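Below is one structure, written out as structure tokens, with a few remarks after it.
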Amino acid sequence: MAKNLVIVESPAKAKTIESFLGKDYMVKSSFGHIRDLDKNKLSVDIQHDFTPQYEIPREKKKVIEELLAAARKAEIIWLASDEDREGEAIAWHLYEVLGLEESHTRRIVFHEITKKAIQQAIENPRFIDFNLVDAQQARRVLDRLVGYELSPLLWKKVKPALSAGRVQSVAVRLIVEREFEIRNFNPTDYFRVTGLFQLPNKDEKAQLTAELDQRLPTKEATLEFLNHIIGSTYTVINVEKKPGKRSPAAPFTTSTLQQEAARKLGFSVARTMMIAQQLYESGLITYMRTDSVNLSDLALAMAQDEIIKLYGKEYSNTRQYTTRTKGAQEAHEAIRPTSMERHQAGENEAQRKLYELIWKRTMASQMSDALLEKTTITIAISKTNHYHFISRGEVVIFDGFLKVYSESVDEETDEMNAEILPPVSTGDELKEKSITAVQKFTPPPYRYTEASLVKKLEELGIGRPSTYAPIISTIQKREYVEKKDHAGIEKTAHILTLKNGKIKEETKVEKWGAEKGKLTPTDIGILVTQFLMNNFENIMDYQFTARVEKEFDEIAEGKLKWNKMIQRFYWPFHETVVKTQQTQEKVKGERLLGVDPVSGKNVYAKIGRFGAMVQLGESKDPTGQKPRFASLRKNQSIETITLEEALSLFKLPRSVGMYMEKEIIASTGRFGPYLLYNSVFYSLPKDEDPLVIDQEKAIQIIEEKNRKEAAKIIKTFPERPDVVIQNGRYGPYIKIGSENIPIPKKVAPESLDLQQCLELQKKYLESKANPSEMKETPAQKKKSKSKGKK
DNA sequence: CAGTGAGCGAGCTTCCGCTTGACTT
């Protein structure tokens, strides 16, 4: 039996480490945190020093039992959770829950999974750092207090089931504020003048493009300028060559991987993390949730070998990058391939692409700078001294890291793409082919993408690598923000061209401010943000996290008691919660849209218990008449809906026609537009509008769904029409009334008879009633009591 | 899965940060 038990956080890590340590060591995993505050209540004892009340969640009991069994047999327990605040807390919770003794317990840390690092760690054990544990408790308790006091306030003042928190509320604020910047943005226009010149003594194709060194403010000024320079000669007065260089980007962290995978591969943040996890579990890459750009010595050596082998010595430049991210805890290496010799890996296209990206980025980070020659050509205009044409070019002298990888940018810049310039010398006379002035409109700020939001959050030190993807998902699930296309505005741009001494004028219609799939706030998101900004400016402050992080650091250094810090924060905060509760009115976001010409009643748009809605008539009509209500459609918002659109919403539900002597009704419900026929709901596809859909199309949709439903059916029983065997998303199952019973894999679904189906149902219900022999959790006890069992 | 929205009241919703399977229809 192994004398040593090592406990790490991740099972994949456990496997790797076990292979380094030999037979005296057994390595097990805690699967992250093993205890947490009960999520059904505050679980912080406000009156007694904010003592947290931890509980082991049901799904963690099995892990604990296994660890307990292993710990009993081991002489020394090595707590090897990550070297950061959360990891220290995990070590402490393990120590407590497993009932370990100090003399038999060692705390070890490493921030890379290499044999050398593990051995070094084993040789240099310490004990649990209780200050660091306290810093984590402070973090945990603060987040719980903020989240569980603000959320209920929102339920009362805005809408049920909303949420607020230190991280998510600030993420939404970023998106809301960007939206207002865009709304308030006034574009200015200007004219960009570009000259196309013919080189002397060369053939037709030898041309040079150059841009005027100033932008012209108006069409009038541009016309005046062009008229003024008619008949000018153009002379090269300076050719300047300067060496330049470009350096590779640091190896990937979680955040930069998410950004690059979005830009280069079009992956969502969640998809990137899922695929990275698969690569990690296959042992192809190092851990994917990291804020460090550090590479182990082993990785540096591997990269160097590979670069020299593939490209030669001059391409190798071993370097270590330093993390500049605020609050980085650097418990792991950067994300890199586990072996640099593996140029390609992965089981499917997505894995292969992501792996390739990681491999290239890691390689490039250890390669030489690219050397450039930057050329600037200045061209004088004979009829004016105030303006010059400038042409900039760039030649790669030595490609260095560019051989494998170059980082993408979020937004195209307005500058001309630098390219190779034709050879010209000072004094050369250029022949004008055309001078073109194009009207440009300054673009509004860009809305956030998932990845650019992660980047911003990381800059502000808000959120952690393990939470970036969940944050994005939470704020969308709460319907604070949504991914949305924006059509933009059509703008007419003037184009003035000077050619052969004549000025020609044209116009071109272009889209301005159009964006696709960008994070856009909803009505609820805007109202909640405004509500929180008005009452909890402190928590909504972009610096709030940075400020509390500083205090967490003081706790970790032993300079501050954690409950003292929480106390200082909590009481003023709580007072504000109580005051807001008493004084603030319910947020309705009400907007009067106009008067219904038919009834003469007011039409409002506002927030209701089920989201945005329109209302016809007064809530408190003196005549006692009740208003009518209708939900807004997915693409509508309180801020932009018109009276006409609102009135059309009241036309639902409407009768579309008849089918087989039964009526078809079209309407919109909580899950979007639908048809109701024969008391069955049929969701309408995106491009169908319940207001305009006709009988023919409706019948088509009904028949289509009926056909699909029928195709799913494997077997029916005439004597029991409520029992059906059908194919589902997760394989065949038995449907009995509204209950779904999975069919075991070894059983052929078509061979089942009614008797067997009912037996399977019985077995399934029994196994559901007693999931395992494990002890009941408090939550389960409550449930079984209320059902009156036992 | 659904047609709410008044008003009452019970019971519910909720945080952030570690980590993967068990589970779903």
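Readers should treat all values here as calculations from the given coordinates under stated rules, not as data from a laboratory. Worth saying up front: this structure is predicted, and the values here are computed from it rather than measured. A quick note on method: Cβ atoms are made from the backbone with ideal geometry, for glycine too, and the neighbour counts reach across all protein chains shown.
Cβ neighbours within 10 Å, averaged per peptide: list A:425-433, A:193-201 in order, most packed at the top.
A:193-201, A:425-433
Which log10 I(q)/I(0) values, to two decimals, does segment A:85-224 give at q = 0.15, 0.18 Å⁻¹ under the Debye formula with one point per Cα?
-0.98, -1.12
DSSP beta bridges in segment A:1-141, what fraction antiparallel, as a percent rounded to 5?
Bridges in segment A:1-141 that DSSP calls antiparallel: roughly 30 percent.
What's the exposure ranking of A:V396, A:V409, A:V170, going from fewest to most Cβ atoms within 10 Å?
The most exposed by this proxy come first: A:V409, A:V396, A:V170.
For segment A:566-638, which semi-axes, largest first and in whole Å, follow from the square roots of 5 times the eigenvalues of its Cα gyration tensor?
36, 15, 9
How are the alpha carbon pair distances in segment A:487-558 distributed across 10 Å bins from zero to the largest one, expressed in percent?
15, 18, 18, 17, 13, 12, 6, 2
Mean shadow of segment A:675-730, computed from the convex hull of its alpha carbons, in nm²?
Averaged projected area of segment A:675-730's Cα convex hull equals 5.1 nm².
How large is Rg/Rh for segment A:594-671, to two decimals, with Cα atoms and a Kirkwood Rh?
Computed over Cα atoms, the ratio is 1.03.
Please report the antiparallel percentage of DSSP beta bridges with both residues in chain A, rounded to the nearest 5.
Around 90 percent of the beta bridges assigned by DSSP in chain A are antiparallel ones.
So, by mean Cβ neighbours within 10 angstrom, what's the order for A:174-186, A:71-83 with the highest one leading?
By packing density, highest mean first, the sequence is A:71-83, A:174-186.
Show me, bin by bin at 5 Å from 0, the whole-percent P(r) of segment A:618-769 based on Cα pairs.
Per 5 Å bin, starting at 0, the Cα pair percentages come out as 2, 8, 14, 13, 12, 11, 11, 10, 8, 6, 4, 2, 0, 0.
Can you give the calculated 222 nm mean residue ellipticity of chain A, where each DSSP H run of n ≥ 4 adds -39,500 (n - 2.57) and the sum is split over every residue, rounded to the nearest 500 deg cm²/dmol?
-11000 deg cm²/dmol
Treat every Asp and Glu Cβ in chain A as -1 and every Lys and Arg Cβ as +1, leave all other atoms uncharged, and give the resulting dipole magnitude about the Cα centre to the nearest 20 debye.
It works out to roughly 2140 debye.
Principal axis extents for segment A:443-506, Cα atoms only, whole Å, descending order, please.
Principal axes ranked by extent give 64, 24, 13 Å for the Cα atoms.
List, in order, the whole-Hz ³J(HN,Hα) value for each residue of segment A:130-137 obtained from phi through the Karplus relation with A = 6.51, B = -1.76, C = 1.60 and θ = phi - 60°; use x for Gly and Pro.
Along segment A:130-137, the couplings run 5, 5, 5, 4, 5, 4, 5, 4 Hz.
For q values of 0.26 Å⁻¹, compute log₁₀ I(q)/I(0) with the Debye formula on a Cα-only model of segment A:19-101, without solvent.
Reported log10 I(q)/I(0), two decimals: -1.39.
Over 19 Å between C-alpha atoms is what I'm after, so list which of A:K264/A:K403; A:K313/A:K360; A:K483/A:K651; A:K157/A:K634 land there.
Result: A:K483/A:K651; A:K157/A:K634 exceed 19 Å.
If you take the beta carbon distance between A:L754 and A:K708 as r and set R0 to 22 Å, what does 1/(1 + (r/R0)^6) give as a FRET efficiency, to the nearest 0.05?
0.30
How long are the semi-axes of the ellipsoid equivalent to segment A:168-268, from square roots of 5 times the Cα gyration tensor eigenvalues, in whole Å, largest first?
42, 27, 12
Using alpha carbon coordinates only, what is the Rg to Rh ratio of chain A, with Rh defined as the Kirkwood radius?
1.02
What is the ratio of the Cα radius of gyration of segment A:1-153 to 2.2 N^0.38 Å, with N the residue count, to two decimals?
Its radius of gyration relative to the 2.2 N^0.38 Å reference: 1.11.
Using 10 Å bins from zero, what percent of all Cα-Cα pairs in segment A:543-693 falls into each bin?
So the P(r) values, bin by bin, are 9, 25, 21, 15, 13, 11, 5, 1.
May I ask for the equivalent-ellipsoid semi-axes of segment A:260-309, computed as the square root of five times each C-alpha gyration tensor eigenvalue and listed largest first in whole Å?
Its equivalent ellipsoid spans semi-axes of 24, 13, 11 Å.
Compute the length gained on full extension between A:E102 and A:I308: take 0.36 nm times their separation in residues and subtract their Cα-Cα distance, giving the result in nm to one decimal.
Gain on stretching A:E102 to A:I308: 69.2 nm.
I'd like the projected area of segment A:378-533, averaged over all directions, using the convex hull of its alpha carbons. Report it in nm² with one decimal.
Hull-based average projected area comes out at 15.8 nm².
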